[in-house]
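The values are calculated or read from the model by the stated rules, or taken from the named source; none is laboratory data. This structure is a prediction, so every number in the text was calculated from the model and none was measured. Please note: Cβ atoms are built from the backbone with ideal geometry, for glycine as well, and neighbour counts cover all protein chains shown. Only protein heavy atoms, including side chains, enter the accessible area calculation; ligands, DNA and RNA are left aside. Shrake-Rupley method; radii C 1.70, N 1.55, O 1.52, S 1.80 Å.
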Amino acid sequence: MAGGRPQRKRSPVVLAVCAVLLLFLLFRTASRGTTPQSSPVTASAKHPAHAAHRPQPDLSTPETLDAFRSATVKSLAELFPYDPRIQTSYPRHIWQTWKHSLTDSNFEHRFVRTTESWTHLNHDYTFEVLNDAAAAAMVRQLYASIPDVVDAYFAMPVPVLRADFFRYLILLARGGVYSDIDTLALKSINKWFYSSIGPLKDGEKRHQVVDISDEDAAKLRAKLEAETGLVIGIEADPDREDWHDWYARRVQFCQWTIMAKKGHPVLVDIVSHITTETIRRRAANALVLPKSNEAGSQIMDWTGPGIWTDTIFEYLETDWHSVTGITEGKVVKDVLILPITSFSPGVGSMGAGEITHPRAFSQHSFEGSWKPEKDRHIGNVNT
């Protein structure tokens, strides 16, 4: 400018430093508040753009469906190998998911008590609540080498399907404990093993307690951890003719709380089942759920306790008759099956004990935010 101070020429090095600093500040600002502090990935719910351009498999016949699922099983088993001789204990990690992470100002206060119950009772476990974006990013990262699994996750039309699918995906890839955000921990995870099988006796105020010494409890826990790779609980065991009006299966395993070692075959099977069904539906333009009560049934059999229960019994090579009415833990193959009291205490039916029972480990509040309000406490039916 005429008559003004001579303009100084800025060094190219200074300009480069300023540019890098500006990009760093912009990236930090954009990513803040989207991913839980403990999550190792950057959250993004967008599906990779190249996915739509990959050749789609032919799943028009039973033969091609079986071949597709078999190939998926092989890929998953190779990616996450399971060796019980090496994996003698369960990963000390608790996974939960919700729309918002714990650090988000929008995280609902109603879940503070439930999340804190898990951290309070399990000091030796890492605890993580993944928001939707972080969960999506982990799926892309962990299953990048099996794009059909990633495709299936992002093709699902409603959040409840992805939430169901994610619990199997994270346990298959990382192991540990998954539990819904609306579950209340009643006992430490370390007590699940010996408390489920140890003998009971009457304690104070006629409350039963586990009759086992600390030394024997530690031995039993170590033994069961080494000999099993999956811990599940019975959700429903309705001995009534109209059970199918209330539940998907005669004996139904819950999937709101699951403990697993990385790579367990049941998780390989469930992920392959769901991936195959989702890709089949996409090819048939049948992804959209009906706007009727039939939607709930489809969810149960697509990703929910229906297909979960079927997959477990298929692996165990048995059926519901072998576990109905059990009142203590039962090991079948390498699966520890907990009685209905363990993960469904206080429902007031089907032989479930109260939340004070020594075999009551976690309580589900049946929020079921994807269900109509009238169906959210459907677990509390009397027999």
Can you find a residue that is of a type in the set (S, T, N, Q), surrounded by 13 or more Cβ atoms within 10 Å (Cβ to Cβ), in contact with a His (Cβ under 9 Å, 6 or more places away or on another chain) and not in a helix (DSSP H, G or I) anywhere in the range 115-125? no
For the structure I just gave you, tell me whether Lys201 is surrounded by fewer than 16 Cβ atoms within 10 Å (Cβ to Cβ) and part of a strand (DSSP E or B). yes
The correct count of residues that are in contact with a strand residue (DSSP E or B) (Cβ under 7 Å, 6 or more places away or on another chain), within 19 Å of Ile299 (Cα to Cα) and of a type in the set (Gly, Ala, Ser) in the range 151-192 is 2
Search the range 308-327 for residues being open to solvent by 10 Å² or more (accessible area, probe 1.4 Å) and in contact with a helix residue (DSSP H, G or I) (Cβ under 6 Å, 6 or more places away or on another chain), and hand back the single one that is nearest to Leu220 (Cα to Cα). Tyr315
Considering the range 204-257, residues that are part of a loop (DSSP other than H, G, I, E, B), modelled with pLDDT of 90 or more and over 23 Å from the mean Cα position of the chain (by Cα), and then whichever is farthest from Ser322 (Cα to Cα), we arrive at Asp242
Would you confirm, using the coordinates I've provided, whether Val335 is β-branched (Val, Ile, Thr), in contact with a helix residue (DSSP H, G or I) (Cβ under 8 Å, 6 or more places away or on another chain), modelled with pLDDT of 95 or more and more than 18 Å from Ile270 (Cβ to Cβ)? no
Would you check which residues across the range 237-261 are closer than 25 Å to Tyr90 by Cβ and either surrounded by fewer than 21 Cβ atoms within 10 Å (Cβ to Cβ) or not charged (D, E, K, R) (or both) and list them? Val251, Gln252, Phe253, Cys254, Gln255, Trp256, Thr257, Ile258, Met259, Ala260
Among residues belonging to the range 294-307 that are in contact with a helix residue (DSSP H, G or I) (Cβ under 8 Å, 6 or more places away or on another chain) and in contact (Cβ under 8 Å) with a residue 60 or more places away in the chain, point out the one that is nearest to Val231 (Cα to Cα). Gly304
Checking the structure you have, find out if any residue of the range 159-171 is in contact (Cβ under 8 Å) with a residue 24 or more places away in the chain, open to solvent by 20 Å² or more (accessible area, probe 1.4 Å), over 27 Å from Ala360 (Cβ atoms) and part of a helix (DSSP H, G or I). yes
